Each structure stands twice: as structure tokens, then as C-alpha cells.
């Protein structure tokens, strides 16, 4: 399983109505078999600093926390070729295709994201919008329950 950058961004944006759900998802994912694409973490940093959700130093600290909590994966030339092919074959935007190809190569079967077609199974990777209440049961199957405090 993997998380798209939007899930990470909402953890930093306390004003966003998805904040509490995102914090829960990330906490549960940290207890699961979850791998993050370094691309998602980079997009998180870029988004929170560009949108002024966090100052650069705060965002840097959050990136360090994220990287300490999850194993990371990066793309290689095979994933790049898969991504470029997927833009034509599957109609994905390039960076979405790059994320998909990277997590697919890492063996992920689920990508939690609100940016891609919810429920779509693309070559073994299912896109699930964790902010859609209709997907609560699916998310509960994927992620362990919250650890007791």
C-alpha cells in the first residue's frame, strides 16, 4: 500500500476539513505495510510550502518525520518507461503515472489517493479515495485499527 501526497498534505493543513481523517490514515498506515514514494514526500513539501501551510523549516521537519515512519521507494528507468507508456495507454497525467508506476514496482496493491479514479484497478494497483465515506469499509480492510493510546 502507498499514500499519495494529498493525504500527507491534509495532515499539515489543520484548516482543511479532511485534516483529522488524514492524520488517522497516516497513523494507521505507519502501522501497516505501507511504502511511500519519495515523489509523494517531495510533492508534500512543495505543496505545503507553496500554499503557505507550513514554513520551510516546519515542512522539513515533517518530511524527516515522514521518512522516519515509512520505508521509501524511488523510481528507476523501468518505472519511468512504464509511466510514459501509461500516459497514452491509460490516460494518466505524467506525474500520476510516475507515482503509479513507482508504487506498482514496489509491490503495492493499493494507492490511497483522492486524485485518481476511485475504485479503478490499474494493472494490479487499486486507487482508493480514503476521504469518501463510501470507502470506509475498504480502508478498514487495508489499514489496521488505531493503536490504543
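Residue count for region 16-34, restricted to those that are under 14 Å from residue 140 (Cβ atoms) and crowded, with 19+ Cβ neighbours inside 10 Å: 3.
Within region 70-89, residues that are over 17 Å from residue 35 (Cβ atoms) sit with their Cβ atoms under 6 Å from residues that are exposed (fewer than 14 other Cβ atoms within 10 Å of the Cβ), at 6+ positions apart or across chains, in these pairs: 87/94. Could you list, in sequence order, the residues of region 105-119 that are closer than 17 Å to residue 93 by Cβ, free of Cβ contacts under 8 Å to residues at least 24 places away in the same chain and in contact with a helix residue (DSSP H, G or I) (Cβ under 9 Å, 6 or more places away or on another chain)? Across region 105-119, the qualifying residue is only 118. For residue 49, indicate whether it is in contact with a helix residue (DSSP H, G or I) (Cβ under 7 Å, 6 or more places away or on another chain) and in a helix (DSSP H, G or I). Taking the combined requirement at face value, the residue satisfies it.
To keep it simple, each residue is scored yes or no on (1) under 14 Å from the mean Cα position of the chain (by Cα); (2) more than 30 Å from residue 77 (Cβ to Cβ); (3) part of a loop (DSSP other than H, G, I, E, B).
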position	(1), (2), (3)
102	yes, no, no
108	yes, no, yes
140	no, yes, no
144	no, yes, yes
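Among the conditions (1) under 20 Å from residue 30 (Cβ atoms); (2) touching a helix residue (DSSP H, G or I) at 6+ places or on another chain (Cβ under 8 Å); (3) free of Cβ contacts under 8 Å to residues at least 60 places away in the same chain, residue 122 misses just one, which is (1).
FYI, it's all coordinate maths here, none of it is from the lab. A quick note: this is a predicted structure, and the numbers were derived from the prediction, not measured. We place every Cβ from the backbone using ideal geometry, glycine too, and count neighbours over all the protein chains shown.
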